[in-house]
Amino acid sequence: MIDIKLIRENPELVKSSQRGRGEDESIVDRLIEIDSKRRDAISAFETVRAEQNLLSKSVGAAKGDEKTALLEKAKGLAAQVKEADAKRAELEVQTNEIAKLLSNVLDPEAPIGGEADFKVIEHVGEPRKFDFEPKDHVELGKLLGAIDTERGAKVAGARSYYLTGSGALLELALVNYAIQQATKAGFIPVIPPVLVNPPAMEGTGFLGQAAENVYHIEKDDVYLVGTSEVPLAAYHMDETLDAAKLPIRYTGYSPCFRREAGSYGKDTRGIIRVHQFEKVEMFVFTKPEDAKEEHIRLLQWEKEFLNAMGIPYRVLDIASGDLGSSANRKFDIEAWIPTQNAYREVTSTSNCTEFQARRLNIRMKDENGTRPLATLNGTLVAVPRMIVAILENNQNADGSVNVPAVLQPYMGTAKLEVIK
């Protein structure tokens, strides 16, 4: 949620941001209008309540007919106070509902445009030149007994899979290495709930433009998370944190669930786009003035992970029209996938500034008082896509796959160097 003071004082900035995202800028005017009515209603309520309080003091000192008259007047004022309070509360709800329709204000440095208008920041590593015809991850997974999409579809439907044998070990190795890297960097490891209530899901911004991809269990009115960003962000919901202890960094490991609505026909082969997957997420609570620098740090930690895997990748500055509603800027890392002759997203990191904190009522307290803090998130490893990248980039002519050196100590009881 955007600071209402910013909207009142600089509506053109917010309108420009909405235009940059390709979203409705008329919401700004609607919000300013309803906010004005809300403020008038608050003033009217406070005026009549002050009159009621003054009258109450007079009633206590009055006697006889005067007291009877004042009590009658007090009944009328009580009704007015109740009516004014109800109007104030109604306009408060309306104001909040309209405010929630606005996305975060864009970072001025974010590229403007649609999905294809990203800016490539850097390339790291050179795509491998094979002296044989490389197999894709589905062929390799079947050959190595590592991935079983056929039985996954039989048991759970399309976009489902089993990781077996070396595939399961590879997932555990990736997760363990990611957690180790994060804890060395000072992150607190967390295994969060993956069922969350509506305030947690809405507060992080996943019931807006992303709602179609969310699994909702209607009977219990809870949601399956699409990322542990949700329970990590909501961890301090309705709390005030000591600014001296910021930044607070958490790393969450959890299964993630996504409907993949709107992706009909896209990535139907293999495990690139699936309904359930595991992910290690980084999440940070920090001072708003430190958020930009923290965003760069999150990107660097993601790059360090990719560098350790030895996989070629590129870093993108995502365009405004392709940002989630909570993010004011986002960087993606795309790994090279040889059989697709393309880079595909494997991690991302977003600066959400104060947007989520305002919605979740998370604040910080320092010598200047109490105010909203900033939140940021970044994926350290989304397991299936990283497995795809490792299998395809590290394959040998006989179908075996070299395990990245940093993962070998985590591949079971033996230091497994080659999957075959």
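The values are calculated or read from the model by the stated rules, or taken from the named source; none is laboratory data. Bear in mind that the values here come from a model prediction, so they are computed numbers and not experimental data. Because the Cβ atoms are built from the backbone with ideal geometry, glycine has one as well, and the counts that use them run over all protein chains shown.
Among the listed residues Val81, Val138, Val120, which satisfies the condition of being under 29 Å from the mean Cα position of the chain (by Cα) and among the β-branched types (Val, Ile, Thr)? Walk me through how you get there before you give the answer.
On the way: Val81 fails: under 29 Å from the mean Cα position of the chain (by Cα); Val138 fails: under 29 Å from the mean Cα position of the chain (by Cα).
Just a single option satisfies the conditions, and that option is Val120.
Just a yes or no: is a residue in segment 345-355 closer than 22 Å to Thr149 by Cα and out of contact with any Ser or Thr (no Cβ under 6 Å at 6 or more places or on another chain)?
Among the residues of segment 345-355, at least one is closer than 22 Å to Thr149 by Cα and out of contact with any Ser or Thr (no Cβ under 6 Å at 6 or more places or on another chain), which makes the answer yes.
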Has segment 117-129 got any residue that is in a loop (DSSP other than H, G, I, E, B), touching a residue at least 60 places away in the same chain (Cβ under 8 Å), within 28 Å of Gln18 (Cα to Cα) and not aliphatic (A, V, I, L, M)? yes
Check Ala319, Ala342, Ala291 and return the single one that is farther than 21 Å from Ile179 by Cβ and under 16 Å from the mean Cα position of the chain (by Cα). Ala291
Looking at segment 159-170, is at least one residue loosely packed, with under 15 Cβ neighbours inside 10 Å, at negative phi and modelled with pLDDT of 95 or more? yes
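Before we move on, is Arg38 at pLDDT 90 or above, surrounded by 15 or more Cβ atoms within 10 Å (Cβ to Cβ) and of a type outside the set (A, V, I, L, M)? Even if it seems obvious, please write down each step before you answer.
Working: at pLDDT 90 or above: yes; surrounded by 15 or more Cβ atoms within 10 Å (Cβ to Cβ): yes; of a type outside the set (A, V, I, L, M): yes.
The answer is yes for Arg38.
Could you list, in sequence order, all residues of segment 260-286 that are of a type in the set (Lys, Arg) and more than 18 Å from the chain's Cα centre (by Cα)?
Of everything in segment 260-286, those that are of a type in the set (Lys, Arg) and more than 18 Å from the chain's Cα centre (by Cα) turn out to be Lys266, Arg269, Arg273.
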Thr68 fails exactly one of (1) surrounded by fewer than 13 Cβ atoms within 10 Å (Cβ to Cβ); (2) at pLDDT 95 or above; (3) of a type in the set (Val, Ile, Thr), namely (2)
Among the residues in segment 11-29, are any touching a residue at least 40 places away in the same chain (Cβ under 8 Å), outside any loop (DSSP other than H, G, I, E, B) and touching a Pro at 6+ places or on another chain (Cβ under 9 Å)? yes
Flag if Arg344 is charged (D, E, K, R), assigned to a strand (DSSP E or B), within 27 Å of Glu239 (Cβ to Cβ) and at pLDDT 95 or above: no
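Just one of Val155, Val138 is part of a helix (DSSP H, G or I) and in contact with a Phe, Trp or Tyr (Cβ under 9 Å, 6 or more places away or on another chain); which is it?
Val155
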Restricting to segment 338-366, give me the number of residues that are farther than 23 Å from Gly203 by Cβ and surrounded by 24 or more Cβ atoms within 10 Å (Cβ to Cβ). 2
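Looking only at segment 379-393, which residues are outside any helix (DSSP H, G or I) and in contact with a helix residue (DSSP H, G or I) (Cβ under 9 Å, 6 or more places away or on another chain)? Let's see the steps before the verdict.
First, the residues of segment 379-393 that are outside any helix (DSSP H, G or I): 379-382.
Those that are outside any helix (DSSP H, G or I) and in contact with a helix residue (DSSP H, G or I) (Cβ under 9 Å, 6 or more places away or on another chain): Thr379, Leu380, Val381.
Anything in segment 36-49 that is among the charged types (D, E, K, R) and either over 11 Å from Arg88 (Cα atoms) or not assigned by TED's automatic domain parsing to the domain that holds Thr95 (or both)? List them, or say none. Spell out how you get there, then give the answer.
Pass one, segment 36-49, residues among the charged types (D, E, K, R): 37-40, 46, 49.
Residue satisfying the conditions is Arg49 alone.
Assess whether Ala86 counts as being aliphatic (A, V, I, L, M) and at pLDDT below 95. Reasoning before the result, please.
On the way: aliphatic (A, V, I, L, M): yes; at pLDDT below 95: yes.
The answer is yes for Ala86.
Among the residues in segment 376-387, are any over 30 Å from Lys15 (Cβ atoms), in contact (Cβ under 8 Å) with a residue 24 or more places away in the chain, of a type in the set (Ser, Thr, Tyr) and crowded, with 20+ Cβ neighbours inside 10 Å? Even if it seems obvious, please write down each step before you answer.
Step one: list which residues in segment 376-387 are over 30 Å from Lys15 (Cβ atoms), which gives 379-387.
Filter again for in contact (Cβ under 8 Å) with a residue 24 or more places away in the chain, leaving 379-387.
Remaining after also requiring of a type in the set (Ser, Thr, Tyr): 379.
Add one more test, that the residue is crowded, with 20+ Cβ neighbours inside 10 Å, and what stays is 379.
Yes, because at least one residue in segment 376-387 is over 30 Å from Lys15 (Cβ atoms), in contact (Cβ under 8 Å) with a residue 24 or more places away in the chain, of a type in the set (Ser, Thr, Tyr) and crowded, with 20+ Cβ neighbours inside 10 Å.
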Let me spell it out: the conditions are (1) modelled with pLDDT of 95 or more; (2) more than 22 Å from Val190 (Cα to Cα); (3) touching a Phe, Trp or Tyr at 6+ places or on another chain (Cβ under 9 Å), and Gly270 meets all of them except one. Which number is the exception? (1)
Only one of (1) within 25 Å of Pro111 (Cα to Cα); (2) at pLDDT 95 or above; (3) outside any strand (DSSP E or B) fails for Arg314. Which number is that? (3)
Can you confirm whether segment 134-143 contains a residue that is touching a helix residue (DSSP H, G or I) at 6+ places or on another chain (Cβ under 6 Å) and among the charged types (D, E, K, R)? yes
For segment 196-232, name all the residues that are within 11 Å of the chain's Cα centre (by Cα) and among the β-branched types (Val, Ile, Thr). Thr204, Val225, Thr227, Val230
When restricted to Asn307, Asn402, Asn341, the only residue without any contact (Cβ under 8 Å) to a residue 12 or more places away in the chain and within 24 Å of Lys129 (Cβ to Cβ) is Asn341
